[in-house]
Amino acid sequence: MSDRLFPAQEIGSLARPRWQLLGQRGEPLDAAARSEFESWDRRLGFAGELPDDRDALLAGRPDGASGDGVRDLAALFALRYLEAAGLDRVYDGEARRVEMYEHPVRQMDGFEFQGHVRSFDSKYYRKAAVVGEVRLDRPYDVEEFEFVRRLARAEPKVPVTGPYTLADWSYNEYYLGRQRGWKGRAARRAAQREFVVDLARRAIRPTLKALIDRGCKVVQIDEPAAGTHPDEAELVVEGFNAATDGLDAEFIMHVCFSDYRALLPALLEAKRCSQWAWEFANRDSEGHDAYEVLGALREYGDTRSVGLGVVDVHRDPVETPAIVADRIRRAAKHLGDPARIWVNPDCGLRTRSLEVAHAKLRALVEGAALARAELGSPRR
């Protein structure tokens, strides 16, 4: 935990550099990929920390790198990239993960992938059907975290896709099939609840426990699907509580692109959640104060910290530090306690180029410094 106001954190994935994509396919780097690699290495000085992997990649022999060398280099690059931006909490930009849904589902039994579906814009993911009882052979992301913990200079925070989102983004064949009689709304709701709770207890909780046993202190549970079905907020909470039951860590719930008032007060029953990481900048504009919704937390007497989205991940124009500082000031006023605020992007920056994403992160950090200088008091 930082002892200053408005510490900064990442919130999700980064774009894959071209050199990583080619290297993972076992292809030699073309001129553009080599230039990209060398340019970022001059700025961050990361590649010399893994010289064997670097040399194999640049020599056109990515498969000759030691271990999973290209992914190691990509994870280290993301760490140094986020740290160079000035963040207090970092991860590896999810460099080893295919995508936030497919990655965890690949680690579980009971699923069959059905094909690609569109999520937004030109983005797609492979959607699976649950065709049997959810099972987990062994916890996932443990080796990934150990690499980050060993090399990170800032505090690591592990992102994990939550049970409600995994269920909502899947075809629920098995659990619905267990319901007797007409498969109406009540049966579908009961089947979805069973699916969410099984995911939480059988797959996510064992993974969280393994991460915590290896020294993980901060876990971000991502529930982007929560905002699409506000009438199921209680189910989001039930899954969160089942996944975190009896575990000792700082748990963050990330929900983006939502009408948060529609999720309250149900969401407040997430017992072990210590921080809300929410999106605001995407909808903040002249004449519309997106941060006003924070007053609802004050109305309900909720005192948890807030990961404040202060830069928009869907547009290239880079916010100025002054805009970021203004957003923080308004949020602090609505929340009533600036010491509860962390700052972050609205969501993962994977849809932005690495240059744009880094500029946004620097603006975030510099804007937090401006607001800190004005408000001045230390964190409690």
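Extension gain, Arg16-Glu112: 0.36 nm per intervening residue step, less the Cα-Cα distance, totals 31.9 nm.
3J(HN,Hα) couplings calculated from phi for region 289-305 with the Karplus curve 6.51 cos²θ - 1.76 cosθ + 1.60 (θ = phi - 60°) are, in sequence order, 8, 5, 7, 4, 4, 4, x, 5, 4, 5, 4, 7, x, 7, 10, 5, 6 Hz; Gly and Pro show x. Using only side-chain charges placed at the Cβ, +1 for Lys and Arg and -1 for Asp and Glu, the dipole size of region 17-85 relative to its Cα centre rounds to 200 debye. Based on every Cα atom in region 298-380, Rg and the maximum pairwise Cα distance Dmax equal 13.2, 40 Å.
Judged by the mean number of other Cβ atoms found within 10 Å, the most tightly packed of the peptides 303-310, 227-234 leads the ranking 303-310, 227-234. Looking at region 239-328, the GluC sites (Glu not before Pro) that sit in a DSSP loop and have at most 12 other Cβ atoms within 10 Å of their own Cβ are Glu286. With the simple model of a label 7 Å out from the Cα in the direction of the Cβ, Lys123 to Glu250 spans 2.6 nm. Taking amide hydrogens as placed 1.01 Å from N in the peptide plane, the amide H of Asp88 sits under 5 Å from those of Ala8, Gln9, each at least 5 positions away in sequence or on another chain.
What shape does region 220-352 have by the C-alpha gyration tensor, where a ≥ b ≥ c are the square roots of the eigenvalues, rounded means a/c under 1.5, and otherwise prolate means a/b greater than b/c and oblate the rest? Taking the square roots of the gyration eigenvalues as a ≥ b ≥ c, region 220-352 is prolate.
When both bridge partners sit in region 95-375, DSSP labels roughly 30% of those beta bridges antiparallel. Annotation note: chymotrypsin sites (Phe, Trp or Tyr not before Pro) in region 149-202 located in DSSP loop regions with a Cβ neighbour count of at most 13 within 10 Å are Trp182. With the Cα gyration tensor of region 153-295 giving a ≥ b ≥ c as the square roots of its eigenvalues, does the rule (a/c under 1.5 for rounded; else a/b larger than b/c for prolate; else oblate) give rounded, prolate or oblate? It is oblate, given that a/c is not under 1.5 and a/b is not larger than b/c. Taken about its Cα centre, region 257-307 carries a charge dipole of about 360 debye when Lys and Arg each add +1 at the Cβ and Asp and Glu each add -1 at the Cβ.
The charge dipole of the chain, taken about its Cα centre with unit charges on the Cβ of Lys, Arg, Asp and Glu (plus for the first two, minus for the last two), comes to roughly 480 debye.
Each residue of region 252-262 was assigned a 3J(HN,Hα) from its phi angle through the Karplus curve 6.51 cos²θ - 1.76 cosθ + 1.60 (θ = phi - 60°); the sequence is 10, 10, 9, 10, 10, 6, 9, 8, 5, 4, 5 Hz, with glycine and proline shown as x. Amide H to amide H distances under 5 Å link Arg214 with no residue, where only residues 5 or more positions off or on other chains count and H is placed in the peptide plane. Here the sum of -39500 (n - 2.57) over DSSP H runs of 4 or more residues, divided by the residues of the chain, equals -12000 deg cm²/dmol at 222 nm, to the nearest 500. On the basis of the beta-carbon distance and an R0 of 41 Å, His314 and Arg180 show a calculated FRET efficiency of 0.40.
Summarising the amide proton neighbourhood of Gln114: residues at separation of 5 or more, or on other chains, whose placed amide H is nearer than 5 Å comprise Lys127, Ala128, Ala129.
Ranking Tyr101, Val311, Ala290 by how far each Cα lies toward the positive end of the dipole of region 95-375 (charges on Cβ) leaves Tyr101 at the top. Estimated at 0.36 nm per residue, the fully extended path between Ala262 and Ala187 surpasses their Cα-Cα distance by 24.6 nm. So for the chain, taking the charge dipole from beta-carbon charges (+1 Lys/Arg, -1 Asp/Glu), which of Pro163, Ala74, Phe257 sits furthest toward the positive end? So the residue furthest toward the plus end is Pro163. Note on region 82-96 and region 129-145: Cα centroid distance 25 Å, given to the nearest whole angstrom.
Taking square-rooted eigenvalues a ≥ b ≥ c of the alpha carbon gyration tensor, is region 1-137 rounded, prolate or oblate, where a/c under 1.5 means rounded and, failing that, a/b exceeding b/c means prolate? Cα axes put region 1-137 in the oblate bin.
With the charge dipole of region 95-375 set up from +1 on Lys and Arg Cβ and -1 on Asp and Glu Cβ about the Cα centre, the Cα lying farthest toward the positive end among the listed residues Ser353, Asn241, Ser274 is that of Asn241. All C-alpha to C-alpha distances of the chain, sorted into 20 Å bins beginning at zero, yield P(r) values of 28, 58, 14, 0 percent in whole numbers.
Sequence-ordered 3J(HN,Hα) estimates for region 26-34 from the Karplus curve with 6.51, -1.76 and 1.60 and θ = phi - 60° stand at x, 9, x, 6, 7, 4, 5, 5, 5 Hz, glycine and proline given as x.
Every number in this text was worked out from the coordinates using simple rules, so none of it is lab data. Everything quoted here is computed from the prediction, not taken from an experiment. Cβ: placed from backbone, ideal geometry, glycine included. Neighbour counts: every protein chain shown.
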